[in-house]
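Student: Would you mind keeping the following structure in view while I ask a few things?
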Amino acid sequence: MKRIAALWCVVLPFAAGLVAAGEPARYALRYDAATRTMHASLCLDRAATLQRFSGDASAPGHVEDLARSSGAPLQQGGDGWSARDWRAGECLRWRADLGRIADANARSSALRAAETITDPGGWLLWAANVAAADARVDLPAGIALSTPWTPEPSAGTTRRYHIERTPPDWLARIAIGRMSETTIQRPGGRLHVAIGGPPDPAQRRRLLAWLGRVSDAATTAYGHLPLADVQVLVIPVGAQRDAVVFGQSTRGEGNGLTLFVDPSRDAHAFERDWIAVHELSHLFHPHLGARGAWLAEGLATYLQNVLRARAGLLTPAQAWAELADGFARGRAATPRGDATPLEQASLDMERAHGYTRVYWSGTAYWLAVDLELRRASGGRIGVDEALRRFDACCLAPTRSWTPQAFVERLDALAGTDVFARRWREYRTLTRFPATPALDTVDAAARAGIMGAGGGDEAEGEGRDWNTKGTKERPIERKSLKHGAPEGRGFR
């Protein structure tokens, strides 16, 4: 029993202290488009001797005119507020200048948007010990809202949502403006797409067709999307060299994906994109923290190639070549001699700009695990099947896992020791991992990884994964949060 309790604490360090019983808290939000201001109230059914409220560390600088509906006083301290003798049914009211918040964030980014984009952690206050809330949002006519919250049945300009609380340092993104909205339904879930601008009809059709193919690619992992509701925010940023210039996955208060695009590019340019599949691939693993960045980014980088090959967006030969080129870049980016262990490089990744080594070392881990699983099981189990089993039992959007707990659970689900054994090996590596030559990989394993026909096409390519790659584009950096509006936290 002690071992189970300890694991529970490792897996659920945040949610364990929250109260989910009874009616959730209730938000009423009203947006004023003329002033770009959100008027908010939070009502609680339970009385409390002392009730505390907080957002993230920036909230005290963004929340204005905070008051209790009873007229009783509030005390501010640190990054929050407290209220004594809170009454059942009482409400907290405030306003936040979202325009000022969004403009301040935009000044620190090279990517600008016409929409008002903020992290709700900076202005949406939560009551202590509350795990979930329902929200009603009143919007002006013609104004759309993109959030990671779970949509509930709504009517007219009033939107209703359910919000699951997450740690305050998990990034979320909310956009308000004149956007085009669509829901893409796929087995297992829905992508709630909001396109800024909005684009002209031809651009909108092209973007939606591309996102449809991206979502189809995600379902090739194990037949369905891993999460029921995912926010997809598409922000036009004008003429660019690439169709998609930046992507970011977020987990705060739900799962989201933001893509900065040049909507004027043709369909072929979007077909060549890998960023959207990379970011969508982060849905297949839980939040792993900075220490697990090499696992998280490695999995997304591995799947961005595998899933595109399965969906026909790449040939299997092209996918193997992309992996070969990435491994060559990762090897070249790993310091020779006195390099830090991979886990420490993950912790230092943003400060030291060590993205290439971290991403591609992690990719090498997932490939090695996939090959060993398929070899040991006669092709019955691979990384995709292990992730499917994890999805079925354990993939909750609000739950954070330590890297060790994650790989040990994958081993338990797959009946193996390969995930944890390889994890212990790779996390301490001070060199780039060894990667096999392609012609030494079993054809059945190649076919199982890339899908039908993958073995034959890959074998015909004849690439050696230890040869120097020919592409120099820093693909792993384009999808990072580094330099993005409000970027903070890890997936």
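Student: Which is farthest toward the positive dipole end of the chain among ALA133, ALA155, THR250, measuring Cα position about the Cα centre, with Cβ charges +1 (Lys, Arg) and -1 (Asp, Glu)?
Tutor: ALA133
Student: Follow-up question, since we're still on this one. Could you work out the local net charge near ARG291, counting Lys and Arg as +1, Asp and Glu as -1, over the other residues with Cβ closer than 10 Å to its Cβ?
Tutor: 0
Student: Still on this structure, please answer the following. How do HIS353, HIS62 line up, fewest other C-beta atoms within 10 Å first?
Tutor: HIS353, HIS62
Student: Next question. So if each residue of separation counts as 0.36 nm, and I subtract the Cα-Cα distance between ARG93 and THR340, what length gain in nm does that give?
Tutor: 84.0 nm
Student: Next up: Expected output is a single nm value to one decimal: the length gained when fully extending between ALA34 and ALA132, i.e. 0.36 nm times separation in residues minus the C-alpha distance. What is it?
Tutor: Value of the extension gain: 32.2 nm.
Student: If each residue's Cβ is checked for other Cβ atoms within 10 Å, how do THR147, THR402, THR35 rank with the fewest at the top?
Tutor: THR35, THR402, THR147
Student: So what's the net charge close to GLU152: Lys and Arg +1, Asp and Glu -1, counting the other residues with Cβ under 14 Å from its Cβ?
Tutor: Neighbourhood net charge equals +2.
Student: Then there's this: What does the net charge come to around GLY379 if you take all other residues with beta carbon closer than 14 Å to its beta carbon, with K and R at +1 and D and E at -1?
Tutor: Counting the neighbours of GLY379, the net charge comes to -1.
Student: Is it possible to state the helix-based mean residue ellipticity at 222 nm for the chain, with each DSSP H run of 4+ residues giving -39500 (n - 2.57), the sum divided by total residues, to the nearest 500 deg cm²/dmol? What is it?
Tutor: -10500 deg cm²/dmol
Student: Another one. For ARG178 and CYS394 in the same chain, what is the full-extension length gain: residue separation times 0.36 nm, less their Cα-Cα distance, in nm?
Tutor: Full extension from ARG178 to CYS394 adds 74.0 nm.
Student: Could you run the Karplus curve 6.51 cos²θ - 1.76 cosθ + 1.60 with θ = phi - 60° over region 348-355 and give me ³J(HN,Hα) per residue in whole Hz, x for Gly and Pro?
Tutor: Calculated HN-Hα couplings, in order: 8, 4, 6, 5, 9, 6, x, 4 Hz.
Student: Students often check this: by mean Cβ neighbours within 10 Å, which of 264-271, 125-132, 243-250 ranks highest, and how do the rest follow?
Tutor: Result, highest mean first: 243-250, 125-132, 264-271.
Student: Looking at the square roots a ≥ b ≥ c of the eigenvalues of the Cα gyration tensor of region 81-182, which shape do they give, rounded for a/c under 1.5, prolate if a/b is larger than b/c, or oblate?
Tutor: Judged from the Cα gyration tensor, region 81-182 comes out oblate (a/c at least 1.5, b/c at or above a/b).
Student: Using a simple spin-label model with points 7 Å from Cα along the Cα→Cβ vector, what separation in nm is obtained for ASP65 and GLU425?
Tutor: My value for the distance between the label points is 6.2 nm.
Student: With only Lys, Arg, Asp and Glu charged, each at its Cβ (+1 for the first two, -1 for the last two), find how big the charge dipole of region 75-181 is about the Cα centre; round to the nearest 20 debye.
Tutor: Its charge dipole is roughly 220 debye.
Student: Follow-up. Zone of ALA239 (label point 7 Å along Cα→Cβ, backbone N under 19 Å): which residues in region 185-207?
Tutor: The answer is 199-200, 203.
None of the figures in this text is laboratory data; all of them are computed from the coordinates on show. All of these numbers come straight from a predicted model, not from anything done at the bench. Cβ sites come from the backbone with ideal geometry, for glycine too, and all protein chains shown count toward neighbours.
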